[in-house]
Amino acid sequence: MSGADNVVWLGTPPFPQAARTALADTQLRANLRRATGTIRDKRLAVAAELEDWEELRETAAAVKRHTLRHLDHHLLRLEKSVTAAGGVVHWAADAAEANRIVTSLVQASAGSDTGQPEVVKVKSMATQEIGLNEALAEAGIRAYETDLAELIVQLGRDRPSHILVPAIHRNRSEIREIFRREMGKWGRPAPEGLSDDPRDLAEAARLHLREKFLRAKVAVSGANFAAADTGTVVVVESEGNGRMCLTLPETLITVMGIEKVLPSFADLEVFLQLLPRSSTGERMNPYTSLWTGVTEGDGPRNFHLVLLDNGRTATLADDVGRQALACIRCSACLNVCPVYERTGGHAYGSVYPGPIGAVLTPQLVGIENAASLPFASTLCGACYDACPVKINIPEVLVHLRAEAVEAGRRNRRLPTTEALAMKAAGAVMSSPGRLAAAQKLAALGARLVARDGRIGALPGPFARWSESRDTPLPPRETFRAWWRRTRTPVNGDGPATAEGEGER
């Protein structure tokens, strides 16, 4: 199974088609609007408390730029530090290799009173990216998601739709029905008479997961950061499920994208201020877990770190696009994006939705496999303003749009209607005479089809434009015609405007 197969979900329609379906779901839009609005307001409030917020963003961006320029050096330092602390480092070029590594480690370490090997997991987008749960299932290993939102998604046979809140598209009533219907199939069933009160839902999840925490011998985690100088790995979360996964099992396997490394432990001072404020609107995460290798009598006895490439090195080669690798997965860009708020994450067809997914996914899987995603944006720039590490997402979007057009041109024998239209426009605009003639014809034709002072549906290939936009009526007089009509000589030499302002 390739990386492209996992980052972009198989069978998912292109974004324009998927978005059209999502826009028709009024319940989805209401859920998204309420959730993203709440998180957005909280983020603005806590960020405003720090006088040096912009300085922190600048510092984080500088650290990430430096790290990406010297990524090979810092990864080798990380490997040396983790190994010295008693851990084992594995390198995975793609999803298939990462899945093989993790599966073999689980098979060598896992066991269960039920007779079926199993693992508990703390939320990790990297393992979603590589399709680890499915790979483990094929090997007869059952993986249990322990993050509450991920548990909801797993029980509902669903897909995550948000980086921070994977079940953001579900409301409380829907979650209650999922728990009542599915929990018993995975272990302890939901309590009788379960209500949709958040406290009752959380308690049902706690009871369901407790037996799995106490039984599992292997845990799989992601990583928010890893310090190259000490080999320390960091996971931040809000529920305590991560702490249970990171401390109780005998073996801990962490799957981490290579871009998550930081040069030094001291860099965490910056990122652990930015991440919680940007993601949950909190001053700090309720649970911040840090571990360095293995420690006798404390936590897992075996630690394995799987460093995942899966398209990241190819992304690093793009001088403009590489800045997407600076992402710390805070989801701030999703919560301010007008497109995401209306379509949700499933429409992006990727583990990484929203603005960051629109620039990261095409680079990880190849622009030809996700050509519509760079166009899933209004280019309003709200994502750039919200990003705690100052990724210029609009710049990358425009850059990737050009790549998508070029890739489409290479893969087609005949030019598209859009390409022909642009070529014709270039020919017209390169000649003053042709441009003047075209303007006259456009004005005449527009007035022939105009109704009530506006143009209705345009014919032929222009119909898609007019389906969702008002087509303005061209002015009766072009600028060129106005200029010729109103210019007057200045001192008998050269043209000027009607107001008598000379050439500059």
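Side notes on the structure shown:
- Any chance Q116 is polar (S, T, N, Q), in contact with a Pro (Cβ under 8 Å, 6 or more places away or on another chain) and touching a residue at least 24 places away in the same chain (Cβ under 8 Å): no
- Scanning segment 315-374 for residues that are open to solvent by 10 Å² or more (accessible area, probe 1.4 Å), out of contact with any Ser or Thr (no Cβ under 7 Å at 6 or more places or on another chain), free of Cβ contacts under 8 Å to residues at least 60 places away in the same chain and in a helix (DSSP H, G or I) yields a total of 2.
- Test: residue in segment 399-410 that is aliphatic (A, V, I, L, M) and open to solvent by 50 Å² or more (accessible area, probe 1.4 Å): yes
- Condition check for F213: within 29 Å of A93 (Cα to Cα), aromatic (F, W, Y) and touching a strand residue (DSSP E or B) at 6+ places or on another chain (Cβ under 7 Å): no
- Scanning segment 93-103 turns up no residue that is out of contact with any strand residue (DSSP E or B) (no Cβ under 7 Å at 6 or more places or on another chain), of a type in the set (S, T, N, Q) and open to solvent by 50 Å² or more (accessible area, probe 1.4 Å).
- Any hit, segment 400-419, residues being modelled with pLDDT of 80 or more and touching a Leu at 6+ places or on another chain (Cβ under 6 Å): no
- Failed item in (1) closer than 18 Å to E129 by Cβ; (2) more than 26 Å from the chain's Cα centre (by Cα), with R100 passing the rest: (2)
- Residue ID - surrounded by the fewest Cβ atoms within 10 Å (Cβ to Cβ), chosen from residues in segment 147-169 that are assigned to a loop (DSSP other than H, G, I, E, B) and small (G, A, S): G156
- Filter result for E174 (under 26 Å from A332 (Cα atoms), out of contact with any helix residue (DSSP H, G or I) (no Cβ under 8 Å at 6 or more places or on another chain) and not aliphatic (A, V, I, L, M)): yes
- Where a residue in segment 225-241 is farther than 15 Å from L307 by Cβ and open to solvent by 20 Å² or more (accessible area, probe 1.4 Å) and its partner, wherever it lies, is in a loop (DSSP other than H, G, I, E, B) and of a type in the set (A, V, I, L, M), with Cβ under 9 Å and at least six apart: T230/A85; V236/M284
- Here segment 51-75 is the region considered, the condition is being in contact (Cβ under 8 Å) with a residue 60 or more places away in the chain and among the charged types (D, E, K, R), and the residue that is most open to solvent (accessible area, probe 1.4 Å) is R65.
- Exactly one residue among A442, A496, A446, A427 is outside any loop (DSSP other than H, G, I, E, B) and either over 30 Å from T417 (Cβ atoms) or modelled with pLDDT of 80 or more (or both), and that residue is A427.
The values are calculated or read from the model by the stated rules, or taken from the named source; none is laboratory data. Remember, it's a predicted structure, so these values are computed and weren't measured experimentally. Note: ideal-geometry Cβ built from the backbone for every residue, glycine included; neighbour counts use all protein chains shown. Quick note on the areas: whole protein, heavy atoms, side chains included, nothing else; ligands and nucleic acids left out. Shrake-Rupley method; radii C 1.70, N 1.55, O 1.52, S 1.80 Å.
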